[in-house]
Amino acid sequence: MYEYKGYKPPRNGWAISRTKMEQWDKEGRLHFPKSKDGRIQRKRYLDELKGKPVSDLWDDIGQIAAQSHERLDYPTQKPFALLERIINASSNEGDLIADFFCGSGTTLDVAERLGRKWIGADLGKFAIHTTRKRLINTQRQMKKSGCDFRAFEILNLGKYERQHYIGVNLGLREEEQQKQLKKKEADFVSLIIRAYKAEPTDNFKTFSAKEAGRLVAIGPINMPASRLFVEEVIKECIEKHITKLDVLAFEYEMGLFPKIQEDAKAKGIDLALKHIPREVFDKRAIERNQIEFHDVSYIEVKPHIKKGIIAVELTDFSVYYNQDIVDNVIASLKNGSHKVLVEKGNIIKVLKDKDGIVKREVLTKHWTDWIDYWAVDFDFESKKEIKRVVNDEGKFDEVWTGDYIFENEWQSFRTKEDRSIELKSVEHECQKGRRKIAVKVVDIFGNDTMKVIDIKV
Ligand SMILES: C[S@@+](CC[C@H](N)C(=O)[O-])C[C@H]1O[C@@H](n2cnc3c(N)ncnc32)[C@H](O)[C@@H]1O
């Protein structure tokens, strides 16, 4: 039993001899608390300990807490720490990490921060949009703390939820499956024609119907209408001297309009691109004439140009969604509940109180309420979209697709914490001459629209 430097021993004495105590003290291995009534402690360093190998059951990483900054409200978001462990354990800096079901982009975010290259894919628009905003934020933080980060691109490969609308019986022979698919596609086309109140026609390659002096082409059911599809339609217009046409589709390939409409106009063709509303699958809605096909959304921008400097202001944005049929929703709404839906370009909240009395509240009071994100590419035609095609010798040729890659040179977007959005871009220095500026807007449903303007600096 001994006292050491005025510190009293525990009731049963120190666990080590005075000589050992003096040795540890000399080595700086002791921690002396301020108060002499406190207990002397031994310093142990983590890297000297053997530790315990991580087992195959990881229960030390908690779920993302409800109030956590990490939370992005993506339903299946994984914790950052989980992916950090996986990526650290299975790759080195500079390696390439891929997540083909990236969701809110946790894997890509961790990969970027740990100095890995990455590729992400997802078929959901929301997933891509959430990931885009997340990675821009990550880059902003990395820039602030002086870390290197890489630019990234978003490419649209155009495959969407085919099975959602057209399911074939996979138990059938291939031939039968094809037959079933053909029949379903034909049914789909006649459904749309009916909803559009048009007359079917058989005389064309790409058109299926006629309506008020315009021909009508219907895009695919299972994927966005592609540039190739619209170009085929325009080709037939030129061959047969058709000047007015409507294209109907659920979705359009990213970046397709307005350029395609301008190209058509230059050829003397009045081309309208319209969205097929979801209600076309609702028989009662067709019977009640409640289906409306709206033009794709449009953007108005104002360039501010002075002496080699340009800034872009967003001045209007309109969307014409008509996704839900309010009467049907009200009828199926339980007392004491509410639902948010879209009606004639406005988002409305329908509430049914305890007594079944219905109230509506318009949530989009101003056009800016529709916008979640917008971005500017100050020199749109500076980066061509190149694809690699195998040539006769089995080697790759680089071929321009005819499109350009949108480069985010400036953007403003809403986040969970900060709901504000800027309506004027930064001032951007550029060389004198003509150029094209592209503005991309993503609305609160994750749909994106682009506008290209010609300017002279
Ligand atoms: C479980 S979530 C991934 C969540 C992600 N780990 C995170 O931290 O946010 C799975 C994702 O796969 C996507 N998905 C499902 N089927 C797909 C497919 N065939 N191709 C691409 N993505 C798909 C869904 O849209 C969804 O976002």
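Here are some notes:
- Pairing each residue of segment 261-278 that is under 20 Å from Val189 (Cα atoms) with any residue that is open to solvent by 50 Å² or more (accessible area, probe 1.4 Å) and modelled with pLDDT of 85 or more, provided the two are 6+ apart or on different chains, yields C-beta distances under 8 Å for Leu271/Lys265.
- Here Trp374 meets each of (1) under 21 Å from the mean Cα position of the chain (by Cα); (2) free of Cβ contacts under 8 Å to residues at least 60 places away in the same chain with one exception, condition (2).
- Candidates in segment 117-147 are the residues that are within 12 Å of the ligand (Cβ to nearest atom) and assigned to a loop (DSSP other than H, G, I, E, B); of these, the one that is nearest to Phe100 (Cα to Cα) is Ala121.
- Candidates Gly38, Gly115, Gly105, Gly28, filtered to the one that is over 27 Å from Ile444 (Cβ atoms), at pLDDT 90 or above and open to solvent by less than 30 Å² (accessible area, probe 1.4 Å): Gly115
- One residue stands out among those in segment 184-202 that are touching a strand residue (DSSP E or B) at 6+ places or on another chain (Cβ under 9 Å) and over 16 Å from Glu292 (Cβ atoms): the one that is modelled with the lowest pLDDT, which is Phe188.
- Checking Ile64, Ile97, Ile86 one by one, the residue that is within 16 Å of the ligand (Cβ to nearest atom), modelled with pLDDT under 90 and surrounded by 12 or more Cβ atoms within 10 Å (Cβ to Cβ) is Ile64 and no other.
- When residues in segment 41-61 are screened for being open to solvent by 90 Å² or more (accessible area, probe 1.4 Å) and in a loop (DSSP other than H, G, I, E, B), 11 of them pass.
- When the test is whether a residue is open to solvent by 30 Å² or more (accessible area, probe 1.4 Å) and either near the ligand (Cβ under 9 Å from one of its atoms) or assigned to a loop (DSSP other than H, G, I, E, B) (or both), Leu72 passes it.
- For segment 169-200, a tally of residues being within 15 Å of Ala249 (Cβ to Cβ) and among the acidic types (Asp, Glu) returns 1.
The values are calculated or read from the model by the stated rules, or taken from the named source; none is laboratory data. Worth saying up front: this structure is predicted, and the values here are computed from it rather than measured. Cβ atoms come from the backbone with ideal geometry, glycine included; neighbour counts cover every protein chain shown. Keep in mind that these areas ignore ligands, DNA and RNA; they rest on the heavy atoms of the full protein, side chains included. Shrake-Rupley method; radii C 1.70, N 1.55, O 1.52, S 1.80 Å.
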